[in-house]
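To start, the structure itself, in structure tokens.
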Amino acid sequence: MFWECEVQISMAEVGTGNRFVCTVCNAEFIVTKGGDASIVCDGKPVEPKK
């Protein structure tokens, strides 16, 4: 099953290998190339996965 969500990138430091999860749709993200970015999904910033 696939969900449609809008992902936006804005500036902030994100490290390679970090994992994040959307609190709205539960989409998970793994950073494959670190740099200045932050991940926003469904209009809300994603949170680090614990």
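What follows is calculated from the coordinates using simple rules that are stated; it is not laboratory data. None of the values given here were measured: they were computed from a predicted structure. FYI the Cβ positions are ideal-geometry reconstructions off the backbone, even for glycines, and counts take in every protein chain you see.
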Subject >> Sum of side-chain charges, V31 neighbourhood, beta-carbon under 14 Å (Lys, Arg +1; Asp, Glu -1) >> reply: -1
Subject >> Value of relative contact order over the range 7-48, rounded to a whole percent, pairs C-alpha under 8 Å and six or more apart >> reply: 50 percent
